[in-house]
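Student: Following this message is one structure expressed as structure tokens.
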Amino acid sequence: MKFVDEYRDPDAARKLTRAIHHVITKPWTLMEVCGGQTHNIVKFGLDELLPPEVTLLHGPGCPVCVTPIEKIDAAIDLASRPDVIFCSFGDMLRVPGTDRDLLSVKAAGGDVRIVYSPLDAVRLAREHPQKQIVFFAVGFETTAPANAMAVYQARRQDLRNFTIIVSHVLVPPALEAILSSPKCRVQGFLAAGHVCTVMGFTEYVPIAARYHVPIVVTGFEPFDLLQGIYMCVKQLEEGRAEVENQYSRVVAERGNRPAQQIVAEVFEVVDRNWRGIGEIGRSGLGLKPEYRVFDAEQRFTLPRRGPAAESSECLSGLVLQGLVRPPDCRSFAVRCTPERPLGATMVSSEGACAAYYRHRRGTERHGERH
Ligand code: SF4
């Protein structure tokens with residue numbers, strides 16, 4: 001298959017692996033910031049091809065995993081109401097809130113629907129004027145344009161029965177939060193290619209300079225990931241800290257302007273709470289004042305809750321910051337499985353715990369490989 005097979009070619013992967021072995025002289029710790037990249041690294045065993053000097057950490061690149069528990073509780077509350085059709089991407093349904101998940105609401109008779117585009121939710125709002133349609137708008141810069149377009153269309157069509165729960169997060173502030181931590185071990189980043197397809201990569205330039213870390217915009221196939229790692233290691237070995245673009249077949253330096261424009265039309269940058277990490281200043285998107293009538297949390301009265309508690313045995317906050325790896329968690333594959341998840345990183349198909357469970361379970365447990 002064109003544009004896939006050539007990026008999974010074993011010979012090309014072997015050549016790149018040899019190049020990494022050739023160039024490396026000392027230990028380096030890199031972090032990928034995308035759940036899709038994490039899954040492919042673990043699925044294809046790329047980390048096991050690398051020289052022992054390279055440590056790969058898995059960052060907070062799974063949007064489902066970092067959606068705060070309060071947002072999930074708000075979604076569950078709204079989805080339980082008889083006059084609401086609640087729309088979401090499928091992977092949000094099993095993410096645990098404080099007491100239950102959206103799937104259990106659906107099982108109890110709630111009208112919870114999986115949609116493949118936020119515009120499907122706009123269509124439902126047109127088709128069911130007697131119902132309130134609430135869409136769960138989560139994700140990074142990647143999903144923000146389509147979600148912004150849905151709100152824009154709802155406004156143009158004067159749909160008064162359409163709202164969204166907004167839980168958008170932004171990657172560059174998360175990188176800065178990780179780099180600012182005194183516990184930070186990351187020396188270079190593989191930036192997620194699809195995020196940069198929308199935003200470009202100019203925002204990374206001051207971060208690379210300020211913290212002296214190389215940032216390589218990287219794709220998702222094995223060839224992309226190995227080449228991104230090679231480019232990052234080469235920079236580190238040469239003492240450089242630049243932004244480079246491995247994924248140039250897709251990503252332009254300034255990104256996708258129309259997508260950025262629709263996001264800027266509808267959303268503004270706000271402080272955001274990240275599940276397992278905490279609040280990061282100016283790290284999320286919220287609706288601008290003129291679009292706030294579409295904010296479900298403002299339109300509906302929601303119960304006041306105290307701070308939401310995570311399972312005390314779940315280390316997903318540390319997993320998301322690259323401070324521990326999934327097998328280091330005592331509950332991994334024992335009390336926590338994709339069928340009975342204790343934390344969001346085991347639920348989501350992009351979560352690091354789920355990646356290790358699916359592709360590496362049984363081969364390493366509780367910190368046996370670092
Ligand atoms: S294995 Fe489960 S309990 Fe452990 S960190 Fe991952 S999600 Fe949390």
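The values are calculated or read from the model by the stated rules, or taken from the named source; none is laboratory data. Quick caveat: nothing in here was measured; it's all calculated off a predicted structure. Here Cβ is always computed from backbone atoms with ideal geometry, including for glycine, and neighbour counts include all displayed protein chains. Just the protein is used for accessible areas: all its heavy atoms, side chains included, with ligands, DNA and RNA removed. Shrake-Rupley method; radii C 1.70, N 1.55, O 1.52, S 1.80 Å.
Student: Percent of accessible area on the chain owned by carbon and sulfur, 1.4 Å probe? Can you show the working numbers first?
Tutor: On the way: 8070 of 15940 Å².
On the chain, the fraction of accessible area on carbon and sulfur atoms equals 51 percent.
Student: Contour minus end-to-end for SER349 and GLN157, with contour as 0.36 nm per residue of separation and end-to-end as the Cα-Cα distance? Kindly include the intermediate steps, with their values, before the conclusion.
Tutor: Details: separation 192, 0.36 × 192 = 69.12 nm, distance 3.43 nm.
Once the chain is fully extended between SER349 and GLN157, it gains 65.7 nm.
Student: If you count only protein heavy atoms with a 1.4 Å probe, what accessible area per residue comes out for the chain, rounded to a whole Å²?
Tutor: 43
Student: Let me ask you something else. How large is log10 of I(q)/I(0) for region 152-311 at q = 0.15 Å⁻¹ when the intensity is taken from the Debye formula with one equal scatterer per alpha-carbon?
Tutor: Debye curve over Cα of region 152-311, log10 I(q)/I(0) at q = 0.15 Å⁻¹: -0.93.
Student: What is the Cα coordinate range of the chain on the first, second and third principal axes, sorted by size from largest, in whole angstrom?
Tutor: Principal extents (Cα only, largest first): 65, 46, 44 Å.
Student: Please compute P(r) over all alpha-carbon pairs of region 121-223, binned at 5 Å starting from zero, and give each bin as a whole-number percent.
Tutor: Percent of Cα pairs in each bin: 2, 11, 18, 16, 13, 11, 9, 8, 6, 4, 1, 0.
Student: Need one number: % antiparallel among DSSP beta bridges in region 29-159, to the nearest 5.
Tutor: If we restrict to bridges inside region 29-159, about 0 percent are antiparallel.
Student: Right, next: For region 256-264, in order, what is each residue's ³J(HN,Hα) by Karplus, 6.51 cos²θ - 1.76 cosθ + 1.60 with θ = phi - 60°, in whole Hz (x at glycine and Pro)?
Tutor: 3J(HN,Hα) across region 256-264, in whole Hz: 9, 4, x, 5, 5, 5, 6, 5, 5.
Student: If you don't mind, another one. Using amide H atoms built 1.01 Å from N in the peptide plane, name the residues 5+ places from ARG335, or on other chains, whose amide H lies under 5 Å from its own.
Tutor: none
Student: Of LYS15/LYS234; LYS106/LYS131; LYS71/LYS183, which pairs sit farther than 20 Å apart, going by alpha carbon to alpha carbon?
Tutor: LYS71/LYS183
Student: Now for a different question. Of all chymotrypsin sites (Phe, Trp or Tyr not before Pro) in region 1-72, which ones are in loop regions per DSSP and have a Cβ with at most 14 other Cβ atoms within 10 Å?
Tutor: PHE3
Student: Could you sort ASP158, ASP47, ASP91 by accessible area so the largest value comes first, with the probe set to 1.4 Å?
Tutor: Listed by decreasing accessible area, they come as ASP158, ASP91, ASP47.
Student: While we're here: Mind checking region 153-227 for trypsin sites (Lys or Arg not before Pro) that DSSP puts in a loop (not H, G, I, E or B) and that have at most 16 other Cβ atoms within 10 Å? All intermediate terms of the calculation are to be shown ahead of the outcome.
Tutor: Working: sites: ARG155, ARG156, ARG160, LYS183, ARG185, ARG210; in loops: ARG160, LYS183, ARG185.
Sites meeting the loop and neighbour criteria: ARG160, LYS183, ARG185.
Student: Once amide H atoms are built 1.01 Å from N in the peptide plane, which residues 5 or more positions from ARG113, or in another chain, come under 5 Å H to H?
Tutor: Close amide H contacts, sequence-distant or interchain: PHE86, CYS87, SER88.
Student: Quick one: of the DSSP bridges fully inside the chain, what percent are antiparallel, nearest 5?
Tutor: Around 20 percent antiparallel, to the nearest 5.
Student: Tell me, what HN-Hα J-couplings in whole Hz come from the Karplus equation 6.51 cos²θ - 1.76 cosθ + 1.60 at θ = phi - 60° for each residue of region 155-170, using x for Gly and Pro?
Tutor: For region 155-170, the Karplus-derived couplings read 5, 4, 8, 6, 7, 8, 10, 10, 9, 10, 8, 9, 9, 7, 10, 10 Hz, x marking Gly and Pro.
Student: Treat every Asp and Glu Cβ in region 26-157 as -1 and every Lys and Arg Cβ as +1, leave all other atoms uncharged, and give the resulting dipole magnitude about the Cα centre to the nearest 20 debye. All intermediate terms of the calculation are to be shown ahead of the outcome.
Tutor: Numbers: 13 positive and 15 negative charges, 113 e Å.
Dipole magnitude for region 26-157 comes out near 540 debye.
Student: Something else now. Run the dipole for the chain about the Cα centre, Lys and Arg Cβ at +1, Asp and Glu Cβ at -1, nothing else charged, and hand back the magnitude in debye, nearest 20. It would help to have the intermediate numbers written out before the result.
Tutor: Values: 44 positive and 43 negative charges, 87 e Å.
Here the chain has a charge dipole of around 420 debye.
Student: Subtracting the Cα-Cα distance from 0.36 nm times the residue separation, let me have the gained length for THR98 to THR25 in nm, one decimal.
Tutor: Values: separation 73, 0.36 × 73 = 26.28 nm, distance 4.73 nm.
Computed gain between THR98 and THR25 is 21.5 nm.
Student: ³J(HN,Hα) across region 116-128 via Karplus (A = 6.51, B = -1.76, C = 1.60, θ = phi - 60°), whole Hz, x for Gly/Pro?
Tutor: 9, 8, x, 5, 5, 5, 4, 4, 4, 5, 5, 7, 10
Student: Then there's this: If the rule is a partner Cβ under 4.7 Å, which cysteines in the chain fail it?
Tutor: Result for the chain is CYS34, CYS87, CYS184, CYS196, CYS232, CYS314, CYS329, CYS336, CYS353, no neighbouring Cys Cβ within the cutoff.
Student: If I model a spin label as a point 7 Å beyond the Cα along the Cα-Cβ vector, how far apart are those points for GLU339 and ALA309 in nm?
Tutor: Computed distance between label sites GLU339 and ALA309 equals 2.8 nm.
Student: Output the 0 to 90 degree angle, nearest 10, between the alpha-carbon long axis of helix 10-23 and the longest principal axis computed from the alpha carbons of the chain.
Tutor: Approximately 60 degrees, to the nearest 10.
Student: Got a sec? What order do HIS194, HIS22 fall in by accessible area at 1.4 Å, biggest, i.e. largest, first? Walk me through the numbers before you get to the answer.
Tutor: Values: HIS194 65, HIS22 160 Å².
The residues order as HIS22, HIS194, largest area first.
Student: At most 12 other Cβ atoms within 10 Å and a DSSP loop assignment: could you name the GluC sites (Glu not before Pro) in region 213-288 that fit? Before the final figure, lay out each step's value.
Tutor: Values: sites: GLU237, GLU238, GLU242, GLU244, GLU253, GLU265, GLU268, GLU279; in loops: GLU238, GLU242, GLU253.
In loop regions of region 213-288 (DSSP not H, G, I, E or B), the sparsely surrounded GluC sites (Glu not before Pro) are GLU238.
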